[in-house]
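Structure first, then comments.
The values are calculated or read from the model by the stated rules, or taken from the named source; none is laboratory data. Values in this document were obtained by computation on a predicted structure and should not be read as measured data. Methodologically, a virtual Cβ is constructed for each residue, glycine included, from the backbone with ideal geometry; neighbour enumeration extends over all protein chains shown. To get the accessible areas, we keep the full protein, side chains included, count just its heavy atoms, and leave off ligands, DNA and RNA. Shrake-Rupley method; radii C 1.70, N 1.55, O 1.52, S 1.80 Å.
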Amino acid sequence: MHYQPKRDLLQNRIILVTGASDGIGREAALTYARYGARLILLGRNQHKLQATAEQINQISPIQPHIFTLDLLTASPAQCHQLAQEISQLVPRLDGVLHNAGILGEIAPMIEQTPAVWAEVIQVNVNATFMLTQALLPLLLQSDAGSLVFTSSSVGRQGRAGWGAYSVSKFATEGMMQVLADEYRQRNLRVNCINPGGTRTDMRASAFPTEDPMKLKTPHDIMPLYLWLMGDDSRRKTGMSFDAQPNRKPGIAE
Ligand code: NDP
């Protein structure tokens, strides 16, 4: 994507990123901060989130807020408690990037371990839903809120061996479409990003034999992440975007 955002694209915007401790989420948090946003960093590992916050402090005068929540065990009550704590710090959320996710097992359906299946659905779908439900009132306080979910090519076309992960990403696309339709008349747009194969730990565990140097980095795919959080995408809702539109799914060659 060729996109030249204005340097102040996200000035006065308050954006929450889940999975801000590593990979694409960490890069998105840094990028949003660089373009002027106030960040709320969410993850399960306080130490890693603190490291992201320190990196933000080197590029932005606006101190980020850190919240820890393990999505594997998150309950609706914990999500509402989190929203309550956030509302004591900020008056609204202008953006939420649901980025945290887990891969589960790469194995044929017949071999998928039910307990691992349940974990993938809990983190990628149920916790994402619970968090969204709790954060919606804050998002609706924004004059142009942007709710972004993270999908995958296997969330649009099933692929052998991708089991629970693929099913969770289909569910994510569905959640996005339902919410987009529900808020079509309001100041809230809801969309998905499919990052495409990107050089992170998750990618390496999915494709251990792949040469990571053949993949785009999280930094390379940030133009779409910026565009969806800024005013230039204001009228877009209910859509699923590719951060690497010309990339064919599967192992990098
Ligand atoms: P990483 O594994 O590098 O990062 C995942 C992030 O999610 C980390 O911050 C991790 O926290 C967090 N996370 C995992 N489990 C939990 C949990 N139980 N509670 C809270 N946070 C949790 O993955 P990527 O950056 O590669 O992936 C980001 C998103 O992009 C995911 O939704 C993934 O499905 C999607 N995606 C990625 C692609 C790729 O090629 N990389 C391709 C298509 C989609 P911690 O640091 O503590 O581990």
Exercise. Do we have ALA204 as more than 25 Å from TYR35 (Cβ to Cβ) and either out of contact with any Lys or Arg (no Cβ under 9 Å at 6 or more places or on another chain) or open to solvent by 60 Å² or more (accessible area, probe 1.4 Å) (or both) here?
Worked result: yes
Seminar exercise, completed: For region 11-59, the count of residues that are acidic (Asp, Glu) and either open to solvent by less than 10 Å² (accessible area, probe 1.4 Å) or in contact (Cβ under 8 Å) with a residue 40 or more places away in the chain (or both) equals 2
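Does LYS169 satisfy the criteria of being open to solvent by 30 Å² or more (accessible area, probe 1.4 Å) and modelled with pLDDT of 95 or more?
No: the conditions fail for LYS169.
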Problem set entry | Options LEU69, LEU82, LEU93; residue that is closer than 26 Å to LEU226 by Cβ, away from the ligand (no atom under 16 Å from the Cβ) and within 19 Å of the chain's Cα centre (by Cα) | LEU93
For this session: Please work out which one of (1) within 19 Å of the chain's Cα centre (by Cα); (2) within 16 Å of the ligand (Cβ to nearest atom); (3) over 22 Å from LEU188 (Cβ atoms) is the condition ARG34 fails and give its number.
Result: (2)
Seminar exercise, completed: Checking PRO223, PRO208, PRO195, PRO245 in turn, the sole residue that is in contact with a helix residue (DSSP H, G or I) (Cβ under 6 Å, 6 or more places away or on another chain) and not charged (D, E, K, R) turns out to be PRO195
For this session: Might you check whether a residue that is within 16 Å of the ligand (Cβ to nearest atom) and out of contact with any His (no Cβ under 8 Å at 6 or more places or on another chain) occurs anywhere in region 1-11?
Result: yes
Problem set entry | Elements of type helices (runs of 4 or more DSSP H) in region 163-253, at least 2 residues being away from the ligand (no atom under 13 Å from the Cβ) and either under 30 Å from ALA118 (Cβ atoms) or not aliphatic (A, V, I, L, M) (or both) | 163-182, 222-229
Seminar exercise, completed: So, first residue more than 30 Å from GLY104 (Cα to Cα) in region 181-209, second residue outside any strand (DSSP E or B) and hydrophobic (A, V, I, L, M, F, W, C), Cβ within less than 6 Å, six or more apart or across chains; the pairs are ASN187/ALA144; LEU188/LEU139
